Ligand SMILES: Cc1cc2nc3c(=O)[nH]c(=O)nc-3n(C[C@H](O)[C@H](O)[C@H](O)COP(=O)(O)O)c2cc1C
């Protein structure tokens with residue numbers, strides 16, 4: 001059963017603020033795809049905008065250029081193997097959804113594939129055409145038009161990570177298939193001065 005609930009757009013940037021490795025989904029006509037991306041970040045709160053480096057050689061870039069949209073799904077620790085698998089195979093060779101048994105729904109606004117199983121959140125993103133940054137730096141800007149998150153880890157605009165939801169803690173790529181989980185949350189306190 002899905003525990004995803006809508007996230008207010010003014011809070012959408014918080015879903016990627018801490019730099020999780022994400023899954024970028026794309027579709028055009030009958031074609032669909034998914035890849036891993038470690039290089040993403042928010043660039044504006046309202047309207048929520050993000051930037052992601054997506055190499056121009058990827059099948060993902062081809063589908064995003066054709067459709068003008070993509071999905072960003074935030075995998076939990078339960079999806080580490082899946083994240084690495086979709087980041088080390090190309091959709092030009094296989095349908096990764098079929099090959100890895102990935103269940104997806106269609107975003108209501110842009111129709112992009114969205115994954116909830118073993119994920120903490122998703123964002124539907126409309127590409128902001130920036131031909132120079134796309135060509136020179138492989139950096140794609142987008143506006144987030146809808147977002148949702150699993151209420152067990154993100155509710156009322158805030159992450160809540162503890163032992164009860166460890167498999168939904170976001171993941172951070174250290175290199176060569178090793179990931180760290182976002183855990184051990186600490187609250188900053190004011191320094192005496
Ligand atoms: C953990 C991980 C993080 C990655 N991060 C990025 C990234 O930020 N940008 C990028 O272009 N490729 C990244 N990649 C590589 C792509 O996911 C990979 O090239 C993928 O096969 C492209 O798939 P596609 O051709 O089906 O689009 C990453 C791979 C892994 C395993």
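Taken over segment 109-136, residues that are touching a strand residue (DSSP E or B) at 6+ places or on another chain (Cβ under 7 Å) and either surrounded by fewer than 14 Cβ atoms within 10 Å (Cβ to Cβ) or not in a loop (DSSP other than H, G, I, E, B) (or both) amount to 15.
So is residue 23 closer than 14 Å to residue 112 by Cβ, near the ligand (Cβ under 10 Å from one of its atoms) and without any contact (Cβ under 8 Å) to a residue 40 or more places away in the chain or not? Spelling it out, it is not the case that residue 23 is closer than 14 Å to residue 112 by Cβ, near the ligand (Cβ under 10 Å from one of its atoms) and without any contact (Cβ under 8 Å) to a residue 40 or more places away in the chain.
Here segment 74-95 is the region considered, the condition is being assigned to a helix (DSSP H, G or I) and near the ligand (Cβ under 10 Å from one of its atoms), and the residue that is farthest from residue 17 (Cα to Cα) is 85.
Pairing residues of segment 81-98 that are in contact (Cβ under 8 Å) with a residue 40 or more places away in the chain and over 17 Å from residue 172 (Cβ atoms) with residues that are assigned to a loop (DSSP other than H, G, I, E, B) and more than 6 Å from the ligand (Cβ to nearest atom), at Cβ distances under 8 Å and at least 6 apart in sequence or on separate chains, gives 96/102; 97/104. Here the condition is being surrounded by 18 or more Cβ atoms within 10 Å (Cβ to Cβ) and under 12 Å from the mean Cα position of the chain (by Cα); of 154, 97, 70, it holds for 70 alone.
So which residues in segment 35-58 are within 12 Å of the ligand (Cβ to nearest atom), assigned to a loop (DSSP other than H, G, I, E, B) and surrounded by fewer than 20 Cβ atoms within 10 Å (Cβ to Cβ)? Listed by number, the residues that qualify are 38, 39, 55, 56, 57, 58. Checking 70, 100, 141 one by one, the residue that is in contact with a helix residue (DSSP H, G or I) (Cβ under 6 Å, 6 or more places away or on another chain) and closer than 28 Å to residue 8 by Cβ is 70 and no other.
Every number here is computed from the coordinates shown, using simple stated rules; none is lab data. Because the structure is predicted, anything quoted here is derived from the model rather than measured. All Cβ positions, even for glycine, are placed from backbone atoms using ideal geometry, and neighbour counts span all protein chains on display.
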